[in-house]
Amino acid sequence: MNAAPTNLLTAIVLLPLAGFLLNGLLGNRLGKGFVTMVGCGLPIAAFALAVKCFLDLGPGGNLLLIDIAYTWFSAGKESFEIAFYFDRLSAVMALIVTGVGSLIHVYSTGYMKDDRSYARYFAYLNLFLFFMLMLVLGRSLLVLFVGWEGVGLASYLLIGFWFEDPEKAAAGKKAFITNRIGDAGFLLGMFLIYTTVGTLDMDRINAAFMATPAPMVSASLVGILLFFGACGKSAQIPLHVWLPDAMAGPTPVSALIHAATMVTAGVYLVARMSGIYLHAPEASAVIAAVGLATAFFAATIAVVQTDIKKVLAYSTISQLGFMFLALGVGAYGAAVFHLYTHAFFKACLFLGAGSVIHAMSGEQDIRKMGGLAKKIPVTFWTFAIATAAIAGIPPLAGFFSKDEIVWFALASGRGGSALLFAVAAVTALLTSFYMFRLLWLTFFGASRMTKEAEHHVHESPPSMTGVLVVLAGLSTVGGFLSIPHFLERELPLPAVKEGFEHYEHFVVAASIAIALAGLAGAAWFFGSGAARAERVRLAFPTLHRVLLGKYYVDEAYQAWIGKPLLWISERVFLRFGDQRLFDGTLHALAALGRGTAAVLGRIQTGSLHLYAFLVLSGIATALWWSLRHV
Amino acid sequence: MGSLQFFGWVGVALFAIGLLGVVVRRNVLVMLMCMELMLNGVSLTLVVFAQQAAAAAATVLVFLAFVVAAAEIAIAIPIVLLLVRHKRSLDLDSYADLNG
């Protein structure tokens, strides 16, 4: 590959930072017009630059851009540079981040119009873009890690954006802390790589693992440590618990950070480090298993949720699970493909949900909606297209990417199997089912709104519906761009297992059948006033309760991790350590001083006569003693 | 008993009376006077011993002691005055503020 130097990458990264600084420092003084212009203008400029860099890459795919912005520090012979790296994988990610990011910024101008903290919101959103671009463009794991932590910070700030509500502030903290657990694994993986390979530049690490002799470290160990970090960021079992709670943030934030971009950082990391995973079959098997389990369990939970954003949150977790399944069977290109289509339709779904919530004056419970299709037609149509896309109905975007994943789950020479295929197919069916259920309960049937809410329902302003239309358009045509083929040079697809070639048409047919079966199932259950669904619910009350309780994972963590930690903190650290050991030592010292003072204080009678007598008797004794002894 | 020996005993007597006065009396002024008495007893003893040893330097030292004593009393009397103004009393027991 030929590397060409450039300065544009630094500019792409720094533009949103400038937006953060301008809006953060001056936004409140210069008014909403200024905030809107800076907040939306700079991301759009970054998108334009990303397009320019993308065009510079040329059609051949053997050119890449490297931008060494700054030497961070050097220690001995080693030097750590803030360098940006732009190949086709980075290009796809950067275009998604800046493109979808810009759209969501524009949408936010409508959604957040009346918020008191308009400037703060855009400052945070720009800060997020800055860190996210650092993450996807960084050449070294160190730069990536700075971005990685930075997006975590931005996510925390935006989940807790309405921090007056303690529940929302707590959701922000939960996201931050859960991510921190994953980061521990990521850091350990980085240390291990640095001590054995001697560099943190990701292209060099991949090259080192591809070369012979391979580095003196188990690729699977490194792979699993890095994957643990990815688990935290991308909300995979067992660290998935933060994402549903993260829906406490403003809806455009859920669309941008918790659906389209940040949560896919883990997928990007694994795809970017594919050089390691190609030599780590055990780690890959773990990834496939965890991804598929996450996809399946999240999908089952999504079937019973009643909060419009919670359904979408579990759907996001489930789709991320699909991406990890693809990564696990070595189909890195297919994972990035799904990441790319998912960014469009999931952003569209979340923004559509935001539009619904906007129309309903803040109501999020789908049991209190229904019959919205005629009242907010633009939102309905875009939402329906995105729903069809995620369900995998051809020829929409989700069909192509999900079909690719399901196909490789069956036929990949790197661990594809009939079991993976079967579970993936069931999950795809569930996906289609719960998404159409959401569509039905929200937009069709009789209205279950209160009179007052019904009176207020209104279509969103053009800044919001316009973005919805653009994203729905992208969800429709996005799948025709074959990302796996486009990324072939960086992320070669795995070889198909022998004898499986002619199953391809069967898998495609199965995918279509599954998507339509989900649609039919949802229509049958929820079409006639949800009476059939209600009967099923009453027939399996325990199952329903477990699903509604999200398998009680939060409760289990609370009981097995939260409570013991609290007990240790309370009993050992607070009561024993702090109160008894530290405070106790100081109190004992103070008591000793006071006691000694009480004894010695007796001598101070205040009677001058006694003092004089004592002095003189002392002198007399001294004289008498010296006379005797001299 | 020679006159030198006599004056020696007078010095001891002055010191002893002064000491007794300091220890038993409670009036600050009286105690101060008793302390002067002790000082004079010591000075007298010094003179006696100086005569006995025929050392002129020791005799001169007595004058030095007088000067110091004068300075000392010039400080001590204002201190007593201030104390009295503060407590309106010459009784030493009323100054026992520092007892433990």
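Values quoted throughout were computed directly from the atomic coordinates according to the rules given, and no laboratory measurement underlies them. Quantities reported herein were computed from a predicted structural model and do not represent experimental measurements. Ideal geometry is used to build each Cβ from the backbone, glycine not excepted, and the neighbour counts take in all protein chains shown.
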For this session: Output ³J(HN,Hα) for the stretch B:29-46: one whole-Hz value per residue in order, computed from phi by the Karplus curve 6.51 cos²θ - 1.76 cosθ + 1.60 with θ = phi - 60°, and x for Gly and Pro.
Result: 4, 4, 4, 4, 4, 5, 5, 4, 4, 4, 4, 5, x, 5, 4, 4, 4, 4
Seminar exercise, completed: A correct Karplus calculation of ³J(HN,Hα) over the stretch B:49-57, with 6.51 cos²θ - 1.76 cosθ + 1.60, θ = phi - 60°, whole Hz and x for Gly and Pro, returns 5, 4, 4, 4, 8, 6, 9, 5, 4
Seminar exercise, completed: Note: A:607-614 gets an average of partner chain Cβ contacts (10 Å, Cβ to Cβ) equal to 4
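Across peptide A:406-417, how many C-beta atoms of other chains are within 10 Å of each residue C-beta, on average?
Numbers: counts 0, 0, 0, 0, 0, 0, 0, 0, 0, 0, 0, 0.
Taking all residues of A:406-417 together, the mean is 0.
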For this session: Throw me the Rg/Rh for the stretch A:515-593, computed over C-alpha atoms with Kirkwood Rh, two decimals.
Result: 1.55
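Which trypsin sites (Lys or Arg not before Pro) does the stretch A:571-630 hold that lie in a coil by DSSP with at most 16 other beta carbons within 10 Å?
On the way: sites: A:Arg571, A:Arg575, A:Arg580, A:Arg594, A:Arg602, A:Arg628; in loops: A:Arg602.
Filter output for the stretch A:571-630: A:Arg602.
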Exercise. When you count, for each residue, the other Cβ atoms within 10 Å and take the mean per peptide, how do A:4-11, A:464-471 rank with the highest first?
Worked result: A:464-471, A:4-11
Exercise. Over the stretch A:1-126, one equal point on each Cα, no solvent: what is log10 I(q)/I(0) by the Debye formula at q = 0.11 Å⁻¹?
Worked result: -0.46
Seminar exercise, completed: Taking only the alpha-carbon atoms of the stretch A:273-400, the convex hull volume per residue, in cubic angstrom, is 97 Å³
Seminar exercise, completed: Checking rank on A:400-407, A:586-593, with mean other Cβ inside 10 Å and highest first, the result is A:400-407, A:586-593
For this session: List, largest first, the extents of the alpha carbons of chain B along their principal axes, each in whole Å.
Result: 49, 26, 23
Exercise. Going by alpha carbons, how many degrees (0 to 90, nearest 10) lie between the helix axis of A:377-391 and the longest principal axis of chain A?
Worked result: 90 degrees
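What number do you get for the protein assembly as shown when its Cα radius of gyration is normalised by 2.2 N^0.38 Å, N = residues? Let's see the in-between values first.
Numbers: Rg = 42.9 Å, N = 730, 2.2 N^0.38 = 26.9 Å.
Normalised Cα radius of gyration, the protein assembly as shown: 1.59.
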Exercise. For the peptides A:617-624, A:147-154, what is the packing order when you average, over each peptide's residues, the other Cβ atoms within 10 Å and list the highest mean first?
Worked result: A:147-154, A:617-624
Exercise. Taking only Cα atoms, what is the 0 to 90° angle, nearest 10, from helix A:88-111's long axis to the longest principal axis of chain A?
Worked result: 80 degrees
Seminar exercise, completed: For A:Ala83, the residues 5 or more places away or on another chain with a placed amide H closer than 5 Å to its own amide H are A:Ala69, A:Arg139, A:Ser140
Exercise. How large is ³J(HN,Hα), in whole Hz, for each residue of the stretch B:90-97 in order, when computed from phi with the Karplus curve 6.51 cos²θ - 1.76 cosθ + 1.60 and θ = phi - 60°, using x for Gly and Pro?
Worked result: 9, 6, 4, 5, 6, 9, 7, 6
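Hey, which of these cross-link pairs are over 20 Å Cα-Cα: A:Lys32/A:Lys52; A:Lys309/A:Lys563; A:Lys32/A:Lys174; A:Lys173/A:Lys563? Intermediate values should be presented prior to the final figure.
Details: A:Lys32/A:Lys52 30 Å; A:Lys309/A:Lys563 29 Å; A:Lys32/A:Lys174 32 Å; A:Lys173/A:Lys563 17 Å.
In this structure, A:Lys32/A:Lys52; A:Lys309/A:Lys563; A:Lys32/A:Lys174 lie more than 20 Å apart at Cα.
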